[in-house]
Amino acid sequence: MMALSKKMLERDPSDIEMLLPWHAAGTLNARDARRVEEALARDPELARQHAVIREEYAETINLNETLGAPSARAMQKLFAAIDAEPERKASVLSKLSARFSGFFASLSPRTLAWSASLGALALLLQAGVIGAVLMKNQGSTFQTASLSMNDPLTRDLGAGAASAPPRALVRFAEDAKVSEINALLASYQASIVDARGGLFRLQFGDRAMSKDEVASLMSKLQGEKIVNLAVAAN
Amino acid sequence: MQVLYGRHQVRVFRFGLRLVRDEQIAEDLISEVFLDVWRQAGKFEGRSAVSTWLLAITRFKALSALRRRKDAELEDEAANAIEDTSDNPEVAVTKKNTGDALRKCLTALSAEHREIIDLVYYHEKSVEEVAEIVGIPENTVKTRLFYARKKLAELLKAAGVERGWP
């Protein structure tokens, strides 16, 4: 097996092989994702490499999440510099506003749904998130985003606070149906906290779990047919 | 601007920090990046995601900051091949913990390799977006990531960690 792997590295990697990291990250278009899925199903060596990539993927997120955040000094410096800038022409400011408004509008459909229908939020959110991610997996250009406009975009994968119910980042299989995802959520007493880039942040139950319990939960979850990736998260 | 800053500051900071490896410089970088955004907002045409635009500016500023640094080992040519000598994975890594080993070896990669791995895995950038941020052809993006992963595997192997690939 090792010799076979070494051979794989000695020759030029195939196009499919080079796409594996994007498949693990869920950022391939529908056509390429399908090509990779088909190749993974028929090539165990490729599937083994894919498993290794998923480890790299999770640890890269973990590593980046340990880097902390900038201090208030950076923001103060920025806004002091902006205050010192010469006055902007109205047209430029309105262009800026329009561009970023447009960006946020396109980025956060769920946020818009939130403000439009607070009453039905709990129900709609779950269905909306599932639909949005499934749409993305099927090649739509639709992107999900955090509900809070002010929260920084981060990708916590670390262990949760001991007193909080466990959470995990989960990526569902491309062909997972909404009904299957709903059934899985129900069987694990899980709820969707948010979703981004094809990853769901799920919360399990309403009580804290020990490290071993969380590890066992992740392992069970990872074994589910419709789950491609499950890692403990905050 | 406050909303934009609030939403993207952490990721911009982390991307910059992974490139320059100095918190002070990384903090200065994000102020410069968002000030540039403020000044150049009229040039943003919405063809790519704002995060892609921000990361491209951050990368440019990080490389400029590295060039400005007086430390001999961080001169122009070295900027693309930074090794973390303080964290020798061979010494620091135990075979039992692949996660720890992976994180140490990810830190020990060259700036060029760290950058591409972070953009794909952490910042969730597509092949096209990475090409736009780094300024290289899409095929080069794919091969560069493959060889970054190969280098990572070599570092792990040197640290005594076998993962079954390569």
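Values quoted throughout were computed directly from the atomic coordinates according to the rules given, and no laboratory measurement underlies them. These numbers were taken from a predicted model, which means no experiment stands behind them. Every residue, glycine as well, gets a Cβ built from its backbone with ideal geometry; the counts of neighbours run over all protein chains shown.
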Filter segment A:204-221 for residues that are under 9 Å from A:PRO166 (Cα atoms) and within 20 Å of the chain's Cα centre (by Cα); the one that is surrounded by the most Cβ atoms within 10 Å (Cβ to Cβ) is A:PHE204
Return the total of residues in segment B:125-147 being surrounded by 19 or more Cβ atoms within 10 Å (Cβ to Cβ) and in contact with a Lys or Arg (Cβ under 8 Å, 6 or more places away or on another chain). 3
For segment B:95-134, the count of residues that are closer than 17 Å to B:GLY16 by Cα, in contact (Cβ under 8 Å) with a residue 60 or more places away in the chain, more than 8 Å from every other protein chain (Cβ to nearest Cβ) and not in a helix (DSSP H, G or I) equals 1
Against the definition (of a type in the set (D, E, K, R) and more than 9 Å from every other protein chain (Cβ to nearest Cβ)), how does A:GLU45 come out, yes or no? no
Among residues of segment A:13-66 being without any contact (Cβ under 8 Å) to a residue 60 or more places away in the chain and outside any helix (DSSP H, G or I), the residue surrounded by the most Cβ atoms within 10 Å (Cβ to Cβ) is A:LEU28
Where the second residue is among the charged types (D, E, K, R) and surrounded by fewer than 18 Cβ atoms within 10 Å (Cβ to Cβ) and the first is free of Cβ contacts under 8 Å to residues at least 12 places away in the same chain and within 19 Å of B:LEU109 (Cβ to Cβ) and lies in segment B:10-25, which pairs have Cβ atoms under 7 Å and are six or more apart or on separate chains? B:LEU17/B:GLU23
Name the single residue, out of those in segment B:16-56 being among the polar types (S, T, N, Q) and crowded, with 21+ Cβ neighbours inside 10 Å, that is farthest from the other protein chains (Cβ to nearest Cβ). B:SER51
